[in-house]
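Student: Quick one: structure below, then a few questions.
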Amino acid sequence: MFDRPEYDDHETVMWTRDPATGLSAVIAVHSTARGPAMGGCRLWRYAEPSAALADALRLSMGMTLKNAMADLPVGGGKAVILGPVAPERREVMFEAFGRAVEKLGGAYVSAEDVGVTVADLQAAARYTSHVTGLRAADGRAGGDPSPYTAHGVVGGIEAAVAHGFDGEGLAGRTVAVQGAGAVGGVLCGLLAERGARIIVADVDRARAEAVATRTGAEVVDADRLANVPADVLAPCALGGTITDALAAATPVRVIAGAANNQLATPKAGLLLRARGVIYVPDFVLNAGGIIAVAAEHLGGITEAEVQAQIAAIRPRVASLLAEAERAGEAPEVVAERAARAKVAAAR
Ligand code: NAI
């Protein structure tokens, strides 16, 4: 594990298995320098356990960067549960996950990610207080992070469009949304409110069609989305969809979406820059959800304060893109350096 490129000096990596419930998981704590390592729990079917480990390590390092860029007083971590899970064992399995999280004594605080619901975390919360994203108290942010994430993403898309095109606003711009799930679905609604033309695709076509009915989007096949003529591509599915091949051929001017770890390789980012495609680093853009669930966990933060922190993503993206242009560097390189400096300062 130590030789893996994704290892990046993680503080703690825990493999855990509970045969009685079928739980098989890896919990990665990348950094607690700025506070408890906070990041979602993903439930996914991996081809092999080492792929799950790689995913957990990459995602938890990304959480350290994301939480630092959002100025949250938390570090970065992530959990990955190896699916599939039999529906009748789901609840007890998440209870076992809660017991595993509890063993880390608060070094890791879990929340939702792909494949995990509020109800799952409520089961985990029977055994640990180190979970968030459970429910929104009166006047307070919290619960499902996805709508908060979508709001941050739409603000960042607006900033990137203002940077890349003459004139502000999304009215009349075409946005291709990859993934019509929890974030992508809400994002399509926000784009529609702003007058954008939306093209949406999901490997589960019925999901894309349901979103299209609600928002007036056009549905295309998932394998066609990367090539459709559009101004913006918003990856809101899984990571690694911006491959070198896509970077070398994409017709869009802006890539900005919610998915974690969008760039399949560092080279893909450099290819985008060489072609004048503006890539907004995911860990800067998709912090809305973690801002909300961190507020829920830390307490004493109002919904209005959370909205203000999420609104700050837009100017943060604008100044990052301006700085990257001045420095002649890729935005993800500039942002990662800034985030790592914040973590080093805290350490
Ligand atoms: P979700 O599971 O609700 O939605 C993902 C959707 O993408 C699913 O409908 C799935 O069928 C679809 N999909 C998978 N592969 C695809 C492909 N190749 N082409 C088109 N569609 C595909 O997940 P959610 O919560 O919407 O998250 C989306 C992304 O955003 C994930 O990468 C997640 O890690 C990231 N993210 C989510 C946050 C949240 O608040 N939910 C916060 C920060 C990041």
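Every number in this text was worked out from the coordinates using simple rules, so none of it is lab data. All values reported here derive from a predicted model rather than from experimental measurement. Because the Cβ atoms are built from the backbone with ideal geometry, glycine has one as well, and the counts that use them run over all protein chains shown.
Student: Modelled label-to-label distance, A338 and A311, 7 Å Cα→beta-carbon offset: nm?
Tutor: With each label placed 7 Å out from Cα toward Cβ, I get 2.0 nm.
Student: Now, a different point. Peptides 50-58, 218-226: what's the order by average Cβ count within 10 Å, highest mean first?
Tutor: Output ranking for 50-58, 218-226: 50-58, 218-226.
Student: Which residue, V154, V177, V109, has the largest displacement toward the positive end of the dipole of the range 73-188 when charges sit on each Cβ (Lys, Arg +1; Asp, Glu -1)?
Tutor: It is V109, whose Cα lies furthest towards the positive end.
Student: Continuing with the same structure: Kindly provide log₁₀ I(q)/I(0) values, in the same order as q = 0.16, 0.19, 0.30 Å⁻¹, from the Debye equation applied to equal alpha-carbon scatterers of the range 240-299.
Tutor: After summing over all Cα pairs, the log10 values are -0.52, -0.65, -1.25.
Student: I would also like to ask the following. Enumerate the residues in the range 172-188 having an amide nitrogen under 20 Å from the point lying 7 Å beyond the Cα of E209 toward its Cβ.
Tutor: Within reach of a label on E209, which here means backbone N under 20 Å from a point 7 Å along Cα→Cβ, the range 172-188 contributes 177-182, 184-186, 188.
Student: Can I ask one more? Normalized C-alpha radius of gyration of the range 83-150, against 2.2 N^0.38 Å?
Tutor: 1.12
Student: So for the chain: antiparallel DSSP bridges make up what percent, rounded to the nearest 5?
Tutor: Of those bridges, close to 30 percent are antiparallel.
Student: For the range 202-267, what is the relative contact order in percent, using Cα pairs closer than 8 Å and at least 6 residues apart in sequence? Spell out each step's value before the answer.
Tutor: Working: 77 pairs, mean separation 20.4, N = 66.
Reported relative contact order: 31 percent.
Student: What number, in percent, do you get for the relative contact order of the range 156-228 if the mean sequence gap of Cα pairs under 8 Å and at least 6 apart is divided by its residue count?
Tutor: Values: 107 pairs, mean separation 20.2, N = 73.
Dividing the mean separation by the residue count of the range 156-228 yields 28 percent.
Student: Hey, another quick one. Starting from the exponent 0.38 and prefactor 2.2 Å, build the expected Rg for the chain from its residue count and divide its actual Cα Rg by it. Walk me through the numbers before you get to the answer.
Tutor: Values: Rg = 19.0 Å, N = 347, 2.2 N^0.38 = 20.3 Å.
With N residues counted in the chain, Rg over 2.2 N^0.38 Å equals 0.94.
Student: Provide the three semi-axes, in whole Å and in decreasing order, of the ellipsoid equivalent to the range 299-347 as defined by the square roots of 5 times the Cα gyration tensor eigenvalues.
Tutor: 25, 17, 6
Student: Follow-up question, since we're still on this one. With viscosity set to 0.692 mPa s and temperature to 37 °C, compute the Stokes-Einstein D of the range 172-234, Rh being the Kirkwood radius across alpha carbon pairs; µm²/s, no decimals. Before the final figure, lay out the partial values.
Tutor: Details: Rh = 10.9 Å.
So the translational diffusion coefficient is about 301 µm²/s.
Student: Dividing the Cα radius of gyration by the Kirkwood radius, what Rg/Rh value follows for the range 143-187? Before the final figure, lay out each step's value.
Tutor: On the way: Rg = 11.6 Å, Rh = 11.4 Å.
That ratio is 1.02, to two decimals.
Student: Moving on. Which of the lysines could a cross-linker span from K78 if the Cα-Cα distance has to be under 23 Å and same-chain partners fewer than 8 positions apart are dropped?
Tutor: Answer for K78, where 23 Å is the Cα cut-off: K66, K103, K342, listed by chain and number.
Student: Hey, another quick one. So what is the diffusion coefficient of the range 22-147 in µm² per second by Stokes-Einstein at 25 °C and 0.890 mPa s, using a Kirkwood Rh over Cα pairs?
Tutor: Stokes-Einstein gives a translational diffusion coefficient of 171 µm²/s.
Student: Now a separate question. Taking just the alpha-carbon atoms of the range 249-347, what radius of gyration and Dmax come out, in angstrom?
Tutor: Cα-based Rg and Dmax for the range 249-347 come out at 15.0, 47 Å.
Student: Tell me, what does the Kirkwood hydrodynamic radius of the range 88-244 come to in angstroms if you use every pair of distinct C-alpha atoms? Before the final figure, lay out each step's value.
Tutor: On the way: mean 1/r = 0.0579 Å⁻¹.
One decimal place: 17.3 Å for the Kirkwood radius.
Student: What value, in deg cm²/dmol to 500, does the helix sum -39500 (n - 2.57) over DSSP H runs of n ≥ 4 give at 222 nm once divided by the residues of the chain?
Tutor: -13500 deg cm²/dmol, from helical runs alone.
Student: On to the next question. How high is the relative contact order of the chain, in percent, counting Cα pairs under 8 Å that sit 6 or more residues apart?
Tutor: Relative contact order of the chain: 17 percent.
Student: What shape does the range 36-99 have by the C-alpha gyration tensor, where a ≥ b ≥ c are the square roots of the eigenvalues, rounded means a/c under 1.5, and otherwise prolate means a/b greater than b/c and oblate the rest?
Tutor: Numbers: a/c = 3.37, a/b = 1.66, b/c = 2.02.
Cα axes put the range 36-99 in the oblate bin.
Student: Go through the range 1-96 and name the chymotrypsin sites (Phe, Trp or Tyr not before Pro) that are in a DSSP coil and have 13 or fewer other Cβ atoms within 10 Å of their Cβ. Kindly include the intermediate steps, with their values, before the conclusion.
Tutor: Details: sites: F2, Y7, W15, W44, Y46, F94; in loops: F2, Y7, Y46.
Listed in order of number, the matching sites are F2.
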